[in-house]
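Student: First the structure, then my questions, so here it is.
The values are calculated or read from the model by the stated rules, or taken from the named source; none is laboratory data. All values reported here derive from a predicted model rather than from experimental measurement. Every residue, glycine among them, receives a Cβ derived from its backbone with ideal geometry; neighbour counts consider all protein chains shown. Only protein heavy atoms, including side chains, enter the accessible area calculation; ligands, DNA and RNA are left aside. Shrake-Rupley method; radii C 1.70, N 1.55, O 1.52, S 1.80 Å.
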Amino acid sequence: MRAGNKLALILLLTPLLLWIGLLIIIPHIDMFLVSIRERVGVGKYQISLANYWTFLGEPLYLVTFARTAIMSVLATVLTLIIGFPVAFFIAKIAKGRLQSSLFLLCLVPFWVSELVRTFGWMILLRETGLISNLLQWLGLVDGPVELLYNDVAMIVGLVYTSMLFMVVPLVTTLESLDDSIIEAGYDLGGSTVSITREIIIPHAMPGIVSGSIVVFMLSLGNYLTPTMLGGKDSLWFTELIYSQFIVRFNWELGAAFGFMLLILSSAIIWLLLKLTGQTLEKTMT
Amino acid sequence: MTRDTPGSADLECLALCKQFDAFTAVDHVSFAVPSGSFFSILGPSGCGKTTIMRMIAGFLEPSSGDIRIKSKSVLDVPPNKRPVNMVFQHLALFPMMNIADNIGYGLRRQGMAKPEIGRKVDEALERIGLPGIGKRKVDELSGGQKQRVAIARCLVLEPDVLLLDEPLGALDLKLREHMKVELKALQAAFGTTFVYITHDQSEALVMSDQIAVMNHGRFEQVGSGRELYYRPETAFVAGFVGDSNRWKGRVTRAESGLLQITTQAGLQVTGADHGRGLATGDQAELFVRPEAIRISRQAEDLSHLENRMSGQVTTLLFNGADSRAILEPQTGGDPIEVALPQSGEYADLKRGDVLHFAWAGDQANAFAVNDQAAPSLEAQ
Ligand SMILES: Nc1ncnc2c1ncn2[C@@H]1O[C@H](COP(=O)(O)OP(=O)(O)OP(=O)(O)O)[C@@H](O)[C@H]1O
Ligand SMILES: [Mg+2]
C-alpha cells in the first residue's frame, strides 16, 4: 500500500518535474551560459560580461527596457482599475444566471487566438476602421483618423488581453468575503468609500497581487500586441530580443536581454509583494 | 397605543410586513421595546426573525409598515446612519483589522480624534473583561472572546438599540450557558436596549424582560418568560416554550373553564381553557408540563389534585437536575412524561415501579384544535 502510494506520487510528479526541468530550468541555465560568453574569434568564445556592458552602454536598449517596464506597469494598473469593479459586480452583486453568464463573457475573447483578437482591434481602430468611420459619420471629425500604431492603442490591446487574468483571481477572493462583513461595515456607519478602502481592498489584496503579477508578466512578455498595435516609437523589449535572436543571429546579446527581462520582472514582482506585505504563497493559494 | 406615549419606547414596529415575491416572510408584526429593556424574538428556524432584524437595521426595505426609533420613523434613513447596530449571526468581525481597529471602526467613521478613540477602545475592552488584547488579530481569539468583541464594537457607538441575531449560535453549550449570563450583565452595564433573536427558548427565558414568540412570520404572543411559560395563549406557544405532554382529544364536559377531555387513546383528563371558550364536543389539544405533574409513592399524598392516576415506570431518563420518567397509566392510554424531583426520594426508582401521579386541572392548558397553527415539532 505504502509503496503503491509512493509510486503513484512519483508517476504524478514526473510530468511536472520534467516540465519544470526541461522547459524552465535547463533552458534558463543554458541561456545564462550563452549570455556570459563573448565571441573572440571564429568558433572561439570566452566568458565575459561584454553582452551586459553592451546592453548598459546603448541608450536605445535602456530606454526600451525602461519603457517596457513602465508601460507594463501602466497596463497592469489600468487592468486592475477596470477589472476590480467588474469582478466586484460578478462576485457580489450579480446573482445566479447573470453571474455565470458575465463570467463566461470574460472568457469569450479567449476562444479565438491572440492574433485574431488583436486583429479585431485593428479593424476597429485603423484609419478605415469602424470607429474612424463612425466619427466621420457623426460629423465629429472631417477626415479619417488613424487610431492605431500608438501607445494608447497598444495599452488598450494589452489591457484587453489580460483582463481575464485579473478578473478571475479577483472574483475568487471577493467571493470569499462574507456579505455580512460588508454589511457590518455599513451598520457601523461606514461609507462606501471607507468600506472599499478598509475592508474590501484589504480582503482582496491576495487576489489583487496575484492578478497583477500575472498581468504584469503577460504584458512584459507580450510580443504580438505591441508589434501589431504599437507604432514606430512603441518599441517593446521582446521585439529587441526577437531581433537579436532571429534577425541578427546574435544569440549572446539576445540571451543577455532575456536575462535582463527576467531580472526586471522578478524585481518588480518582489517590490510589489514587499509594498503590499503579501507573500508569494499567500497570493497563489 | 404606543403612539400616545412618545419617548417611552426606543424601538417601535408598526404593522411591519415583508413579502418576498408571493411569500410573506413577516406578516403584520407590531411591537414596542421600552428603553433599556431586553426584548427577545423567539421562533423556529425560517419564521422570519432575521428578516425583521434586517429591516430594523436597514438592509431590507419593509413591504409595508413603519419602524420608529425614539419615535422617529427611520424608513428613509440608510443603514449607516441609523442609530441601531447589529451583532451578526456569525459576528462579522473584520479579519483584516486587529481587535482595537475593529472596535474603533465606527468611531473612526464618526470622525472622532485618534487619542479619544484609543481611550474609548481601551475602556470598552476593560468593560468586556478583555483588557490589553487590542493588538491581537481576530483569529487569535476564542469564540467567546470574539463574541464579546463583536458586542463591544457596537456598544462603543452608544446606539439607541442593539440588535443581536442569534449571537450565541456558533458557540458550544458550556460557553453558551456562560455567555447568557454575561450578555445580560453587559446589557445592564451599558444600559442599552437589546433586541435579541434566538430559536433557543432557554436563552430567551433567561435573559429577556419581554419575549415575542414568532411563527410563520407572525407574533403568536408577546409577554414575559413567566407568562409564556405558565399562560401560553396559543397551542404553538405551549408547544414551543418548555416541554409538554400533549394529547389530542375531545371535550366531553365543559364547566366554567374546567374541561373534561377524552384523549384519542382513551385517557380521561381535565384541563383549563383559561378563557378560550371551548365547549363540549370540540376537538382540543391539551398540554401538561412534566414538571407540573406531582408524583408520589402513596396515593393519599395527591388527594387534593384533580387528575389522579397511577402508572408503571417504563423508561427512566436520567439527566441530572432535569431527570424524567415515562409512565404507562394503568388505566391505559398515552404514556406520560413526568419530572423527577432530585431531592433523593426517587434516586432508587427502577423500571416497573408503580408511581401515583396527579396534576391540578388549571396546570393543563387546553386549546381548540386548529391544524395550521399547530407547530410541527414533536412535543417530546
Ligand atoms: N432574500 C430572500 N428571498 C426570498 N425569500 C427569503 C429571502 N430571505 C429570507 N427569505 C425567506 O424568508 C423566511 C424567513 O427567513 P429568515 O432568514 O428571516 O428566517 P429566520 O427566522 O432568521 O431563520 P433562522 O433561525 O434559520 O435564521 C424563510 O422562509 C426564507 O426562506
Ligand atoms: Mg436567521
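Student: Please report how far the C-alpha centroid of region B:315-368 lies from that of region A:151-217, rounded to the nearest whole angstrom.
Tutor: Using only Cα atoms, the two centres lie 63 Å from each other.
Student: Counting each DSSP H run of 4 or more residues in chain B as -39500 (n - 2.57), what helix-only mean residue ellipticity at 222 nm follows after dividing by all residues, to the nearest 500 deg cm²/dmol?
Tutor: Theoretical 222 nm ellipticity from helices: -6500 deg cm²/dmol.
Student: Count, for each residue of A:176-186, the Cβ atoms from other chains sitting within 10 Å of its Cβ, then give me the mean as a whole number. Display every interim value, and only then the final one.
Tutor: Working: counts 0, 2, 5, 3, 8, 8, 1, 8, 16, 7, 9.
Averaged over the peptide's residues, the number is 6.
Student: May I pose another question? Which net charge results when you count Lys and Arg as +1 and Asp and Glu as -1 among the other residues whose beta-carbon is under 15 Å from that of B:Arg294? If you can, show how the numbers build up before the last one.
Tutor: On the way: positive: B:Arg289, B:Arg297, B:Arg308, B:Arg324; negative: B:Glu291, B:Glu300, B:Asp301, B:Glu306, B:Glu337, B:Glu345, B:Asp362.
The answer is -3.
Student: If you average the sequence gap of Cα pairs under 8 Å that are 6 or more apart and divide by the length of chain B, what percent do you get for the contact order? Working shown, then result.
Tutor: Working: 794 pairs, mean separation 55.8, N = 380.
For chain B, the relative contact order is 15 percent.
Student: Something else: Mind ranking B:188-200, A:8-20, B:121-133 by how tightly packed they are, going by the mean number of other C-beta atoms within 10 angstrom, highest first? Mind dumping the intermediate values first?
Tutor: Details: B:188-200: 19.8, A:8-20: 10.2, B:121-133: 16.5.
In descending order of packing, they fall as B:188-200, B:121-133, A:8-20.
Student: Among B:Ala284, B:Ala325, B:Ala204, which one moves the most in a GNM of chain B with springs linking Cα atoms closer than 10 Å?
Tutor: B:Ala325
Student: A further question on this structure: Could you name the lysines whose alpha carbon sits less than 26 Å from that of B:Lys137, not counting residues in the same chain fewer than 8 places away?
Tutor: The reachable lysines, counting only those whose Cα sits under 26 Å from B:Lys137, are A:Lys92, A:Lys274, A:Lys282, B:Lys114, B:Lys120, B:Lys146, B:Lys174, B:Lys180.
Student: Just read off the accessible area of B:Lys180 with the full protein assembly in place, 1.4 Å probe, to the nearest 10 Å².
Tutor: Counting only protein heavy atoms, B:Lys180 exposes about 10 Å² to solvent.
Student: Okay, moving on. Need one value: the accessible area of A:Lys95 in square angstrom, 1.4 angstrom probe, rounded to the nearest 10.
Tutor: Its accessible surface works out to 130 Å², give or take rounding.
Student: Could you sort A:Trp53, A:Trp137 by their accessible area in this structure, using a 1.4 Å probe and putting the largest first?
Tutor: A:Trp137, A:Trp53
Student: Then there's this: Taking the mean number of other Cβ atoms within 10 Å as a proxy for protection, how do you rank B:69-79, B:327-337, B:102-112 from highest to lowest?
Tutor: Descending packing order for the listed peptides: B:102-112, B:327-337, B:69-79.
Student: Any chance you could look up the accessible area of B:Arg218 with a 1.4 Å probe, heavy atoms only, rounded to 10 Å²?
Tutor: Using a 1.4 Å probe on the heavy atoms, I get roughly 130 Å².
Student: If you roll a 1.4 Å probe over the protein assembly as shown with all protein chains in place, what percent of the accessible area is carbon or sulfur?
Tutor: Its accessible area is 61 percent carbon and sulfur atoms.
Student: Can you give the average number of partner chain beta-carbon atoms within 10 Å of each beta-carbon in peptide B:52-61, as a whole number?
Tutor: 1
Student: May I ask you to order B:239-245, B:270-276 by the average number of other C-beta atoms within 10 Å around their residues, highest value first?
Tutor: B:239-245, B:270-276
Student: Restricting to chain B, compute how many DSSP beta bridges are antiparallel as a %, nearest 5.
Tutor: Of the beta bridges lying entirely in chain B, close to 75 percent run antiparallel.
Student: Considering only protein heavy atoms, with the full assembly of protein chains and a 1.4 angstrom probe, order A:Phe65, B:Phe20 by accessible area, largest first.
Tutor: Numbers: A:Phe65 30, B:Phe20 85 Å².
Largest accessible area first, the list is B:Phe20, A:Phe65.
Student: So, one more: Where a ≥ b ≥ c are the square roots of the eigenvalues of the C-alpha gyration tensor, would you call region A:59-283 rounded, which needs a/c under 1.5, or, failing that, prolate if a/b is larger than b/c, or oblate?
Tutor: oblate
Student: Sticking with this one: Quick check: net charge around A:Ser191, other residues with Cβ under 11 Å of its Cβ, Lys/Arg +1 and Asp/Glu -1?
Tutor: Around A:Ser191, the charge tally is +2.
Student: Taking a ≥ b ≥ c as the square roots of the Cα gyration tensor eigenvalues, with a/c under 1.5 meaning rounded and otherwise prolate when a/b beats b/c, else oblate, which class fits region B:210-369?
Tutor: Since a/c reaches 1.5 but b/c is at least a/b, the shape of region B:210-369 is classed as oblate.
Student: Hey, another quick one. Averaged across A:198-208, how many Cβ atoms of other chains sit within 10 Å of each residue's Cβ atom?
Tutor: That average works out to 2.
Student: How far is the Cα center of region B:227-281 from the Cα center of region A:263-279, in Å?
Tutor: Comparing the Cα centres of region B:227-281 and region A:263-279, I get a distance of 75 Å.
Student: Shape verdict for region A:213-258, please, from the Cα gyration tensor: rounded (a/c under 1.5), prolate (a/b greater than b/c) or oblate.
Tutor: oblate
Student: Probe radius 1.4 Å, ligands and nucleic acids left out: which of B:Cys154, A:Cys106 has the largest accessible area, and how do the rest follow?
Tutor: Values: B:Cys154 0, A:Cys106 25 Å².
Largest accessible area first, the residues go A:Cys106, B:Cys154.
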